[in-house]
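Reviewing the structure listed below.
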Amino acid sequence: MAGDTIFAVSTPPGVGGVAVVRVSGPDADATLTAMTDAPLPEARRASLRLLCDPHSGETLDHPLVLRFIAGESFTGEPVVELHLHGGRAVLASVLHVLGRRDGLRLAEPGEFTRRAFDNGRLDLSQVEGLADLIAAETASQQRAALHQYSGVIGERCRAWSTQMTRGLALLEATIDFADEEIPVETWQIATDEIVAVRDAIRSDLASAHPAERMRDGWRVAILGAPNAGKSTLINALARRDVAIVSDIPGTTRDSIEVHLDLGGYPVTLIDTAGIRESADTVERIGIERAGRMAAKADLRIAVAAPDAALEADVSALLREGDLRLWNKVDLHPLPDASMLPLSAKTGDGIDAVIARLRETVDSAEPPADALLLQQRHRAAMAEALRALDAYAELASDDPDRIQAAPELAAQIVREAWEALGRITGERGIDRLLDVIFSEFCLGK
Ligand code: GDP
């Protein structure tokens, strides 16, 4: 347990009905005692207390107070939560009193969660889930984050690690007692355990859905010649039942991205016109960039119009399942039944476009019991799988081969074991930790 006690406001900045200040560490209870003249409230029982400045005796607020004892709190340490009235003066005065107390200091961003991790309350995959949950803007992002926060991934990894440890222990016993006669079954039992883990990892990797797809959503590139009506379409989509989550510049200086919440699913529209038109050197470069963005997108919407036919190089980018729209149908009727008729300007046909988008997006929604894995988890599991495949290869039909190289066999299994440990944060993670915890804001 860390020696010092930390505190921070855990609710968002600004004025509100309630603002929660969390205090975590060995001095949490004594801090509360010093600020009230009533006995400590029972753990986990909401209690009203008059909160005072211990120096001046001045009353600061009349908040609801919650206490958690060590081992039963978010951080694993003694925690006190002050549910203050959310005014600036109240908060400022309480933070001032806390800051003045010896042994107390303001928490760093993410430090409460860091302590929860250090005290074994959360594993690393849960910490990542919590960060995603706080950042979630749509229902599917929320679902993916909760899945991860529930700890299912860590549970599986720990079960595999335990099973591998049993196999490894048997292997290592054969190294330690190399001079003695080792029964053949020992190798076989070890190999059975290890190969069973290999098979489970392989099957999970094959059936898992990418969590990023639910978290980051669909990337939809809008393609078409200048003037086809791409910007008008984006505006029309944004005005309908799809809500714009945010309208932010893309990762590159000149791509335009609009984030939508389409029935709970995050969708990012990329206006490739922006890329083409803002490429200040040669138009060619802009077109190539738009092409690359389109190829990387999960779905493409091609927009053609009477005065803006689809260029051959744009048509070539389209794949099965992509949407082809005939815009400005108010000016010229639909020439080709494979296209969806649209008047982005009047709004005619926009509902059909939204329905098609929604169908595509719905088909990508993983079943409720699906395992969701982030790229980091998939990479570590794939590494474990490679190592275990190498073991299985070594063990294949001839136990003598392992018997001849038990150290090598154990080393291979240990590599797999370490790769899984990186998922839960039990091994080899120093560099990773700073990256993951830096995503949290103050008070989390
Ligand atoms: P972009 O270059 O593809 O983004 O095209 P814009 O969205 O800027 O549209 C080009 C022009 O076509 C604008 O003057 C729009 O008002 C017009 N336009 C867009 N959609 C329609 C439509 O459905 N019907 C008609 N009549 N004009 C449209």
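Pull up region 335-365, narrow it to residues that are among the charged types (D, E, K, R) and within 10 Å of the ligand (Cβ to nearest atom), then point me to the one that is surrounded by the fewest Cβ atoms within 10 Å (Cβ to Cβ).
D348
Filter region 100-135 down to residues that are among the acidic types (D, E) and outside any loop (DSSP other than H, G, I, E, B) and give me whichever is surrounded by the fewest Cβ atoms within 10 Å (Cβ to Cβ).
D118
For the condition free of Cβ contacts under 8 Å to residues at least 40 places away in the same chain and either surrounded by 15 or more Cβ atoms within 10 Å (Cβ to Cβ) or not aromatic (F, W, Y) (or both), what is the one hit in L60, L51, L91?
L60
Of all residues in region 108-145, which are among the hydrophobic types (A, V, I, L, M, F, W, C), within 26 Å of R422 (Cα to Cα) and more than 10 Å from the chain's Cα centre (by Cα)? Spell out how you get there, then give the answer.
Our first condition is that a residue be among the hydrophobic types (A, V, I, L, M, F, W, C); within region 108-145, this holds for 112, 116-117, 122, 124, 127, 130-131, 133-136, 139, 144-145.
If we keep only those that are within 26 Å of R422 (Cα to Cα) as well, we get 112, 116-117, 122, 124, 127, 130-131, 133-136, 144-145.
Residues satisfying the conditions are F112, A116, F117, L122, L124.
Matching residues to (1) more than 20 Å from A380 (Cβ to Cβ); (2) surrounded by fewer than 15 Cβ atoms within 10 Å (Cβ to Cβ); (3) in contact with a helix residue (DSSP H, G or I) (Cβ under 9 Å, 6 or more places away or on another chain):
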site: Q142; (1), (2), (3): yes, no, yes
site: S161; (1), (2), (3): no, no, yes
site: T191; (1), (2), (3): yes, no, yes
site: I194; (1), (2), (3): no, no, yes
site: S207; (1), (2), (3): no, yes, no
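Quick test of your reading of the structure: T31 fulfils all but one of (1) within 30 Å of R427 (Cα to Cα); (2) of a type outside the set (F, W, Y); (3) surrounded by 14 or more Cβ atoms within 10 Å (Cβ to Cβ). Name the failing condition by number.
(1)
Give just the number: which of (1) over 30 Å from the mean Cα position of the chain (by Cα); (2) under 17 Å from I270 (Cα atoms); (3) within 12 Å of the ligand (Cβ to nearest atom); (4) not basic (K, R) does I287 not satisfy?
Exception for I287: condition (3).
How many residues are part of a helix (DSSP H, G or I) and in contact (Cβ under 8 Å) with a residue 24 or more places away in the chain when one looks only at region 9-48?
Within region 9-48, residues that are part of a helix (DSSP H, G or I) and in contact (Cβ under 8 Å) with a residue 24 or more places away in the chain number 6.
Could you say whether any residue in region 75-84 is among the hydroxyl-bearing types (S, T, Y), at pLDDT 95 or above, farther than 30 Å from Q374 by Cβ and assigned to a loop (DSSP other than H, G, I, E, B)?
no
If you take the residues in region 313-334 that are without any contact (Cβ under 8 Å) to a residue 24 or more places away in the chain and within 15 Å of the ligand (Cβ to nearest atom), which one is surrounded by the most Cβ atoms within 10 Å (Cβ to Cβ)?
Of everything passing the filter in region 313-334, W326 is surrounded by the most Cβ atoms within 10 Å (Cβ to Cβ).
Kindly indicate whether A295 is away from the ligand (no atom under 16 Å from the Cβ) and not β-branched (V, I, T). Don't jump to the end; show me each part of the working.
Details: away from the ligand (no atom under 16 Å from the Cβ): yes; not β-branched (V, I, T): yes.
Yes.
Please verify whether S343 is within 19 Å of A308 (Cα to Cα), in a loop (DSSP other than H, G, I, E, B) and at pLDDT below 95, treating the condition exactly as stated.
On the way: within 19 Å of A308 (Cα to Cα): yes; in a loop (DSSP other than H, G, I, E, B): yes; at pLDDT below 95: no.
The answer is no for S343.
Under the condition of being modelled with pLDDT under 80 and touching a Gly at 6+ places or on another chain (Cβ under 7 Å), which residue from region 216-256 is farthest from S140 (Cα to Cα)?
In this case the residue turns out to be D254.
The values are calculated or read from the model by the stated rules, or taken from the named source; none is laboratory data. Source: prediction; values computed, not measured. Here the Cβ is made from the backbone with ideal geometry for all residues, glycine too, and neighbour counts use every protein chain on show.
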